[in-house]
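Since the structure comes first, as structure tokens, the remarks are kept for the end.
The values are calculated or read from the model by the stated rules, or taken from the named source; none is laboratory data. What you are looking at is a predicted structure, and each value in this text was computed from that prediction instead of being measured. Methodologically, a virtual Cβ is constructed for each residue, glycine included, from the backbone with ideal geometry; neighbour enumeration extends over all protein chains shown. Side chains included, ligands, DNA and RNA excluded: accessible areas come from the protein's heavy atoms. Shrake-Rupley method; radii C 1.70, N 1.55, O 1.52, S 1.80 Å.
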Amino acid sequence: MAKITIDGKEYEVDPKLSVIQAAAQQGIEIPHFCWHEKLSVAGNCRMCLVEIEKMPKLAIACATQVADGMVVKTMSEKVIKARQAVMEFLLINHPLDCPICDEAGECKLQDYSYKYSVGYSRFEEDKVHKPKRVELGPNVMLDVERCIMCSRCIRFSDEIAKQPVLTFTERGTHVVLTTFPGTVLDNKYSMNVIELCPVGALTSRDFRFKSRVWEMSATESVCTGCSRGCNMNIWVRNNEVLRLTPRLNEDVNSSWMCDSGRLNTFKFVNSQERLNNSLIRKEGTLVETGWDEAIAKVVSELRVFKKTEIAAIGSAYATNEDNFVFQKLMKEIVGTKNIDFVPHMIEGDEDDLLIRADKTPNSSGALQVGVKPADGGLDLKGIIKGIGEGSIKALYVLDDDIAAIPEIASVLPTLQLLIVHSSVKNHTTELADIVLSCSAYAEKHGTFTNFEGRVQRIRPAVATVEQDRALDGFAMSRWDKFASPNDRWGRPIKKDARPSWRILGAIAGAMGAKVKYTTAEDVFKEMTERIPAFKGLSYLKIGSRGTMIKTSETVSSSVQMA
Amino acid sequence: MNEVMETYILPDIKDLHKLDVYEANGGYKALRKALGMKPEEVTDEVKKSNLRGRGGACFPTGLKWTFMPKQTTKPKYLCVNGDESEPGTFKDRQIFELNPHLLLEGTVIACYAMGITTAYLYIRGEYGKWIRMMEKALADAYAKGYVGEKILGSEFTTNVVIHKGAGAYICGEESSLMNSIEGERGYPRVKPPFPAQNGLWGCPTTINNVETISNVPLIINNGWERYSKIGAPKHPGPILVGVSGHVNKPGVYEMPTGVPLLEIIHKYAQGIPGNKAIKAVIPGGSSTMILRGDQLEGAKMDADSMKAAGSSVGTAGMIVMDEDTDLIKVITRISKFYYHESCGQCTPCREGTGWLWKVLKRFENNDARREDIDLLMDVANNIEGNTICALGDAAAWPVQSMIRRFRDEFEKRVKVAEPRMLADASA
Ligand SMILES: Cc1cc2nc3c(=O)[nH]c(=O)nc-3n(C[C@H](O)[C@H](O)[C@H](O)COP(=O)(O)O)c2cc1C
Ligand code: SF4
Ligand code: SF4
């Protein structure tokens, strides 16, 4: 350990650290633009200049290794003046188009301007002009004028995404970030440069100009795109999800997420294809009914069949809580042994950074909470076969568009009863007799268990009819807090959807069972009592970074269906 | 003059650039001698000679060589810096043209001393003619076995590769030069690590100026004792001084270090046209601090003396300006150079060099205010010392020294302030 002094206080630190790292570990932020914990050191922005005793000049904290006895000053007059100088330099040619810049509100340059700048400009000359709209790739747009040439995006592409296509050309103030001739920034992780970019130079072509950041709330959640379960934030304005951004979790996804997860997992939440309340097929068409009527109908219809004629398909997209109540209802109340779920593997579509071949967030969780055939029951193959042969007559499907898979779709029409939980209209709801509209992952509390056995929480970011942002403890934006119903964002559209565990609990109740879950955590509590691996856990303990549990089983990929 | 002056680097011998003439005049004798010594002895000789780098910083050459690790599994490299792009500097070119084999001989000796098997000779891209001359000399030296396999029948092998620059001043900065050789963008590297630990391709590397390396055969031939008695004791040896500007005979002159600047101007360069007074002298390339004519008395061309005078030796490229010179125009042009050449990597230099130039441009156009003088000084101060490489300093020093020493020139260009109308109420 090395003893160092920062701003008059002594600390014992790892001698391998740089000054900026050592300070950060002690909770002292040395301002910086180009330095990033996950990338190589560039030392170009000069914002982290600090005074180090016995050094003739100010030194950059990012590239200076600590040494025993080192005395660092991060707040001396000299340091403050140097920071003000760097800020002034960065701003002279900056377009200052904050009013129309997506980054405003989460911009390092803007934040530091308040914190470390003098608040006025001495620059009266003409600014350098550069291209404002450059398509770097399918997902990322570049405004060269806003670029402060920190090279973070270049280093990310080289070092993390391993697609070295970005570079600077030209010299001095005329430096331009660009792609090498004949290349585009189109790797699977390309959008991470958007958050890495400390300014608004790199923006998301999907999110661009959609919202000021302070108009959105940010809710901690987990990506449902694959079994990695990257930690992310769901950004919502007016009850609409506008973007997902990665959230740091060293144990899962570091600071990154993949473009596919970021772009393809939230649009259905806002979609026009969303279902409302519950629907019952009457004379060939699905008709909206009340929850009570639909639940009564589920109960009465299920009673028509023998236990052995009923099968249940859980969902690797559903939460542990949903799957737990589902299997409990099916096995203990309905009494069927035929229960399984559909894996969604895309063999080969994986890498050693984040992306997993299992395209669901919760297959290990589904298994662990009991979505698997009871002794003597049918597994997925058996269920499909049974439906085809007519021995399975009723099927209850939890939140998975199983009819999108041709070999399943072909047998479904022979069923006499198909009950489906879904958030959106899809192939399966088209065939269903009863559809119960369940909350999407962005609308409910719950947990997923990722491929490694990490249990992680999701939280509601989008309000439904039965939830209220303020009363149900949602993350709030400025608009949520201060808008009135007369304001533009004051009248959100809310879907009448319920979490599957709640719907299933109501069905169980209607079938005479004693189930009293009022919150997802009530379900989770029962899981901790009944499933050894969950013993001792609570939502509080899982927190925002998740907890590892022991997983005894892994998902077999023997049934390969996408 | 020449009777007191022995010339070593550019002796007046016809066709010395030709290998046979060079050989006939004692060429490659030093190499033969060095190969008979232990490598450490060669380094020691250079160290004791007190040779200091001619690339601008006057860094002790022998000391630099000792930074190279002895025990290493990695290859080691020498980069001979002939990028020569600092305005006012044109002395390495004379070596390429007049005594190329001296440079090659020095290069091979340096390699031997440091256990280096590949040397890169990095030559400014605009020097097309001189690159071709060096290529010819190198081919001849290879053919005669002075470079290449088992040199002069010894066990020592080293190769020399000529690398052409591509037109960027910044590639003369040693770490940028290495990036340039590697085929990377000419961006200086953050130091530490220093080149001796982590240089070209991550291997131990020494970078020396062309003229520095050309001194090495002289040291070996004459012995450190004799060499170190040439010129100023703490900064000895012959030095090539390039004189340009308002002098009767501009050119490159070889002399011992420590010759008074006034002697260089009046004796070597034969005075100022029209016998005009000297207004200012930039002593060592455009980045060195400008001296007023009245500061020249007693100032000599060696590190200590130039420091005492308030400037530095730099590359010994003197720019002499007579009493009629428009110094605002001069400093505006110098600033434009650094603005144009800043690599753009680090914030203060990238942004500050352009700012300096733009404000100076207003002085040049008589469109500046009095406060702009302090603004210039402040911008220069904010660049100085806060950048990755010394280009930032090189841009700041001329402006700082010009304001300090010629403030009146700036004041003369201030626009006579009219009362400023805050709102036009005449309509
Ligand atoms: C911007 C910049 C440009 C430079 N250009 C040259 C050059 O053209 N030639 C040179 O020898 N040194 C140049 N230098 C100095 C080199 O970095 C280095 O110090 C020198 O080559 C070392 O050689 P020496 O020790 O023999 O003097 C430059 C330095 C800077 C900061
Ligand atoms: S685009 Fe952004 S991340 Fe890339 S160099 Fe410019 S400021 Fe840095
Ligand atoms: S000081 Fe100037 S030339 Fe040197 S690295 Fe910084 S921007 Fe480039």
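When you look at A:Val199, is it touching a Lys or Arg at 6+ places or on another chain (Cβ under 9 Å), away from ligand 1 (no atom under 16 Å from the Cβ), more than 19 Å from A:Phe268 (Cα to Cα) and outside the structural domain of A:Cys34 (by TED's automatic domain parsing), yes or no?
Working: touching a Lys or Arg at 6+ places or on another chain (Cβ under 9 Å): yes; away from ligand 1 (no atom under 16 Å from the Cβ): yes; more than 19 Å from A:Phe268 (Cα to Cα): yes; outside the structural domain of A:Cys34 (by TED's automatic domain parsing): yes.
Yes.
Of all residues in the stretch A:59-77, none satisfies being in a loop (DSSP other than H, G, I, E, B), within 25 Å of A:Glu124 (Cα to Cα) and within 12 Å of chain B (Cβ to nearest Cβ).
Considering only residues in the stretch B:370-381 that are open to solvent by 10 Å² or more (accessible area, probe 1.4 Å) and out of contact with any strand residue (DSSP E or B) (no Cβ under 6 Å at 6 or more places or on another chain), the one that is nearest to the other protein chains (Cβ to nearest Cβ) turns out to be B:Leu375.
Scanning the stretch A:287-322 for residues being touching a residue at least 60 places away in the same chain (Cβ under 8 Å) and of a type in the set (D, E, K, R) gives a total of 5.
Going through (1) of a type in the set (Phe, Trp, Tyr); (2) in contact with a Leu (Cβ under 7 Å, 6 or more places away or on another chain); (3) not in a strand (DSSP E or B) one by one, A:Phe209 falls short only on (2). Scanning the stretch B:310-342 for residues that are in contact with a Lys or Arg (Cβ under 8 Å, 6 or more places away or on another chain), assigned to a helix (DSSP H, G or I) and more than 14 Å from every other protein chain (Cβ to nearest Cβ) yields B:Leu327, B:Ile328. Considering the stretch B:388-417, and only residues there that are more than 16 Å from ligand 3 (Cβ to nearest atom) and part of a loop (DSSP other than H, G, I, E, B), the residue that is surrounded by the most Cβ atoms within 10 Å (Cβ to Cβ) turns out to be B:Arg413. Restricted to the stretch A:102-124, and to residues there that are within 14 Å of another protein chain (Cβ to nearest Cβ) and among the hydrophobic types (A, V, I, L, M, F, W, C), the residue that is farthest from A:Val41 (Cα to Cα) is A:Phe123.
Within the stretch A:125-144, can you find the residues that are more than 13 Å from every other protein chain (Cβ to nearest Cβ) and open to solvent by less than 30 Å² (accessible area, probe 1.4 Å)? Once the filter is applied, which keeps residues that are more than 13 Å from every other protein chain (Cβ to nearest Cβ) and open to solvent by less than 30 Å² (accessible area, probe 1.4 Å), the stretch A:125-144 yields A:Leu136, A:Gly137, A:Val140, A:Met141, A:Leu142, A:Asp143. Looking across the stretch B:343-369, just one residue is facing another protein chain (nearest Cβ under 7 Å) and at positive phi, and that is B:Gly344. Considered as a group, the residues in the stretch A:167-191 that are farther than 20 Å from A:Val128 by Cβ and over 23 Å from the mean Cα position of the chain (by Cα) include one that is surrounded by the most Cβ atoms within 10 Å (Cβ to Cβ), and that residue is A:Thr179. Here A:Glu51 meets the list (1) among the acidic types (Asp, Glu); (2) within 11 Å of chain B (Cβ to nearest Cβ); (3) touching a Ser or Thr at 6+ places or on another chain (Cβ under 7 Å) almost entirely, failing just condition (2). Counting only strands (runs of 3 or more DSSP E) that fall entirely inside the stretch A:138-182 and contain at least 2 residues that are within 16 Å of ligand 3 (Cβ to nearest atom), the qualifying elements are A:166-169, A:176-179.
Among the conditions (1) in contact (Cβ under 8 Å) with a residue 24 or more places away in the chain; (2) more than 30 Å from B:Asp367 (Cβ to Cβ); (3) open to solvent by 50 Å² or more (accessible area, probe 1.4 Å); (4) not in a loop (DSSP other than H, G, I, E, B), B:Glu263 misses just one, which is (1). Might you let me know whether the stretch A:126-144 holds any residue that is under 20 Å from A:His36 (Cβ atoms) and among the β-branched types (Val, Ile, Thr)? Yes: one or more hits.
So that you can scan it fast, the table gives a plain yes or no per residue for (1) among the acidic types (Asp, Glu); (2) touching a helix residue (DSSP H, G or I) at 6+ places or on another chain (Cβ under 6 Å); (3) more than 19 Å from A:Glu103 (Cα to Cα):
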position	(1), (2), (3)
A:Glu124	yes, no, yes
A:Lys130	no, yes, no
A:Val144	no, no, no
A:Arg152	no, yes, no
A:Glu159	yes, no, yes
A:Leu202	no, yes, no
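Regarding A:Thr245, is this residue polar (S, T, N, Q), part of a strand (DSSP E or B) and modelled with pLDDT of 95 or more? Considered against the rule, which asks whether it is polar (S, T, N, Q), part of a strand (DSSP E or B) and modelled with pLDDT of 95 or more, A:Thr245 comes out as yes. Which residue out of B:Asp20, B:Asp15 is exposed (fewer than 14 other Cβ atoms within 10 Å of the Cβ), more than 14 Å from every other protein chain (Cβ to nearest Cβ) and either in a loop (DSSP other than H, G, I, E, B) or within 16 Å of ligand 2 (Cβ to nearest atom) (or both)? Criteria check complete, one pass: B:Asp15. With respect to (1) more than 14 Å from chain B (Cβ to nearest Cβ); (2) within 16 Å of ligand 2 (Cβ to nearest atom); (3) surrounded by 24 or more Cβ atoms within 10 Å (Cβ to Cβ); (4) not hydroxyl-bearing (Ser, Thr, Tyr), the lone exception for A:Met257 is condition (2). Scanning the stretch B:165-185 for residues that are surrounded by fewer than 23 Cβ atoms within 10 Å (Cβ to Cβ) and either of a type outside the set (D, E, K, R) or at the interface with chain A (Cβ under 9 Å from one of its Cβ atoms) (or both) turns up B:Ala166, B:Gly167, B:Ala168, B:Asn179, B:Ile181, B:Gly183, B:Arg185. Being modelled with pLDDT of 95 or more and either within 14 Å of chain A (Cβ to nearest Cβ) or within 16 Å of ligand 2 (Cβ to nearest atom) (or both) is a property that does not hold for B:Phe156. Checking each residue in the stretch B:188-233 for being within 13 Å of another protein chain (Cβ to nearest Cβ) and within 12 Å of ligand 1 (Cβ to nearest atom) picks out B:Pro188, B:Arg189, B:Lys191, B:Phe194.
Does the stretch B:99-109 include one or more residues that are away from ligand 3 (no atom under 16 Å from the Cβ), more than 24 Å from B:Lys129 (Cβ to Cβ) and over 24 Å from the mean Cα position of the chain (by Cα)? No, every residue in the stretch B:99-109 fails to be away from ligand 3 (no atom under 16 Å from the Cβ), more than 24 Å from B:Lys129 (Cβ to Cβ) and over 24 Å from the mean Cα position of the chain (by Cα).
Among the residues of the stretch A:267-296 satisfying the criterion of being in contact with a strand residue (DSSP E or B) (Cβ under 6 Å, 6 or more places away or on another chain) and acidic (Asp, Glu), which is most open to solvent (accessible area, probe 1.4 Å)? So, considering only residues that are in contact with a strand residue (DSSP E or B) (Cβ under 6 Å, 6 or more places away or on another chain) and acidic (Asp, Glu), the one most open to solvent (accessible area, probe 1.4 Å) is A:Glu288.
Yes or no, residue by residue, for (1) away from chain B (no Cβ under 14 Å); (2) touching a residue at least 12 places away in the same chain (Cβ under 8 Å); (3) outside any loop (DSSP other than H, G, I, E, B); (4) of a type in the set (D, E, K, R):
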{"residue": "A:Pro15", "(1), (2), (3), (4)": "yes, yes, no, no"}
{"residue": "A:Ala42", "(1), (2), (3), (4)": "no, yes, no, no"}
{"residue": "A:Arg83", "(1), (2), (3), (4)": "no, yes, yes, yes"}
{"residue": "A:Leu90", "(1), (2), (3), (4)": "no, yes, yes, no"}
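For the stretch A:169-198, the set of residues classified as among the charged types (D, E, K, R) and either out of contact with any strand residue (DSSP E or B) (no Cβ under 9 Å at 6 or more places or on another chain) or more than 12 Å from chain B (Cβ to nearest Cβ) (or both) consists of A:Arg171, A:Asp186, A:Lys188, A:Glu195, listed by residue number.
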